Amino acid sequence: MIPSSAETAPPSSAASAAPRLNPPTSSLLAKKQQPPRQKAAARIPQHPSQTSPPHVISGRWLAWALLVALSAAVICAYAALCLLVYQGQWQLVLHPSAAIARTPASQGLKFDYIRFDYTETGSPRLDGWWVPADTDARWSASTILYLHGGDGSLSGTVEDLATLHSLGINVFAFDYRGYGRSAGPKPREKHMREDAEAAWSYLSDTRHIAPKSIVIYGSGIGASLAADLAVKHTPAGLILDGPSEPARQIIRADARARVVPGFLITERFDPGESLHTLTMPKLFLDRNGAKSRTSELYKAAALPKEYFELGQGAFETTLRRFLDEVLP
């Protein structure tokens, strides 16, 4: 009996054929046995600073940068100082007070509160006192327009007003804007000149007092306002009581103001120029002696003029004699 080929085939042939029966399985196993491939690292561009050497800043450049910064700081500080002096210069000359502690009533005088200089809205800006003379007084038809100094308010003028009233004349005094009960901005020379003009208009337009029946009396800072007002309106006479130093001199006495440009000092309060041209009668009342500002202005003023030192006494007698000369 002839054996089949399956029976006579050597075992090695069957064994060698087995792997060829399923080649895909062997390929998958080979792939699983291979280690995983690593992905190629992405190329990251490097910053130039990481590749090039650092820049070196020169000392000269640093010195210039520091100089520019310091210069800018100094300029800003100087500009701030200039602005401070420009806006606040009035405070070196004027010292207003809103308090009204006394009135002419404290001297036993009758007086009227006067509100005048009305705005477009109908509100009065200025507050004043009208102290009338007795009907049978020597100058009952005439008036002294009193312009007080730069300190305090009308409360500080009560004694002077009583003295002037005792001469037998009407007295009108008021507070500038920013003083006493007069509403308004911070006082400045420009505003105070406007207020003095408003007071003159009140006497001439509202009370119908003739210019030749008005004597302007200016004390301290008010002396400058009085002189300028007299130039415009030609009153019967002008009395200057202890004129203050020019505002520029007062302001420059402050160390901060001495380093700013002169054109920033706008407050003047200097009657010298006006007095050179005023030819009406003038009385200078000196409270500090022959070397005072009063004496200086008296010497430079145009004629006619009189000079009187208050320390000599006879104050009322001097005033009465002057009024006799200038009033009808």
Output for Cβ contacts, cut-off 6 Å, separation at least six or different chains, first residue closer than 30 Å to Thr157 by Cβ in the range 75-96, second modelled with pLDDT of 90 or more and of a type in the set (Lys, Arg), reads Trp90/Arg188
So which residues in the range 115-128 are outside any strand (DSSP E or B) and in contact with a helix residue (DSSP H, G or I) (Cβ under 7 Å, 6 or more places away or on another chain), if there are any at all?
none
How many of the residues making up the range 303-328 are touching a strand residue (DSSP E or B) at 6+ places or on another chain (Cβ under 8 Å), at pLDDT 95 or above and surrounded by fewer than 16 Cβ atoms within 10 Å (Cβ to Cβ)?
2
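Mind checking whether some residue in the range 64-75 is crowded, with 19+ Cβ neighbours inside 10 Å and either in a strand (DSSP E or B) or among the hydroxyl-bearing types (Ser, Thr, Tyr) (or both)? Even if it seems obvious, please write down each step before you answer.
Step one: list which residues in the range 64-75 are crowded, with 19+ Cβ neighbours inside 10 Å, which gives none.
Within the range 64-75, none of the residues are crowded, with 19+ Cβ neighbours inside 10 Å and either in a strand (DSSP E or B) or among the hydroxyl-bearing types (Ser, Thr, Tyr) (or both).
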It is to be established whether one or more residues within the range 223-235 are not β-branched (Val, Ile, Thr) and not in a helix (DSSP H, G or I).
yes
Exclusive hit being closer than 30 Å to Ile216 by Cα, surrounded by 15 or more Cβ atoms within 10 Å (Cβ to Cβ) and touching a Leu at 6+ places or on another chain (Cβ under 7 Å), set Val158, Val171:
Val171
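Taking the range 129-151 only, how many residues are surrounded by fewer than 19 Cβ atoms within 10 Å (Cβ to Cβ) and not in a loop (DSSP other than H, G, I, E, B)? Don't jump to the end; show me each part of the working.
Residues of the range 129-151 that are surrounded by fewer than 19 Cβ atoms within 10 Å (Cβ to Cβ), as a first pass: 132, 134-138, 140-141, 151.
Remaining after also requiring not in a loop (DSSP other than H, G, I, E, B): 140-141, 151.
Number of matching residues: 3.
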Test result for Glu245, touching a Lys or Arg at 6+ places or on another chain (Cβ under 9 Å), buried (at least 20 other Cβ atoms within 10 Å of the Cβ) and either among the β-branched types (Val, Ile, Thr) or under 30 Å from Ala77 (Cβ atoms) (or both):
no
Mind listing whichever residues of the range 158-175 are free of Cβ contacts under 8 Å to residues at least 60 places away in the same chain and either aliphatic (A, V, I, L, M) or farther than 20 Å from Trp139 by Cα (or both)?
Val158, Leu161, Ala162, Val171, Ala173, Asp175
Within the range 185-222, how many residues are under 32 Å from the mean Cα position of the chain (by Cα) and closer than 27 Å to Glu245 by Cβ?
23
If you go through the range 176-212, how many residues are outside any loop (DSSP other than H, G, I, E, B), among the polar types (S, T, N, Q) and either under 21 Å from Ser274 (Cα atoms) or free of Cβ contacts under 8 Å to residues at least 60 places away in the same chain (or both)?
2
Since Thr51 meets every condition but one in (1) modelled with pLDDT under 60; (2) among the hydroxyl-bearing types (Ser, Thr, Tyr); (3) closer than 30 Å to Gly262 by Cβ, which condition does it not meet?
(3)
How many residues are over 15 Å from Asp228 (Cα atoms) and part of a helix (DSSP H, G or I) when one looks only at the range 259-317?
17
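Within 24 Å of the chain's Cα centre (by Cα) and on the phi > 0 side of the Ramachandran plot, is that true of Gly149?
no
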Taking the residues in the range 97-110 that are in contact (Cβ under 8 Å) with a residue 24 or more places away in the chain and assigned to a helix (DSSP H, G or I) as candidates, determine which candidate is surrounded by the most Cβ atoms within 10 Å (Cβ to Cβ).
Pro104
Among residues of the range 249-264, those that are farther than 17 Å from His95 by Cα, surrounded by 19 or more Cβ atoms within 10 Å (Cβ to Cβ) and not small (Gly, Ala, Ser), counted
1
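Considering only the range 111-128, state which residues are on the phi > 0 side of the Ramachandran plot and either surrounded by 12 or more Cβ atoms within 10 Å (Cβ to Cβ) or polar (S, T, N, Q) (or both).
Asp117
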Filtered residues of the range 124-145 (kept if without any contact (Cβ under 8 Å) to a residue 60 or more places away in the chain, closer than 16 Å to Tyr202 by Cβ and over 25 Å from the mean Cα position of the chain (by Cα)):
Trp129, Trp130, Val131, Pro132
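The values are calculated or read from the model by the stated rules, or taken from the named source; none is laboratory data. In this text the structure is predicted, and so the values were computed from the model without any measurement. Glycine also receives a Cβ, built like all others from the backbone with ideal geometry; neighbour counts cover every protein chain displayed.
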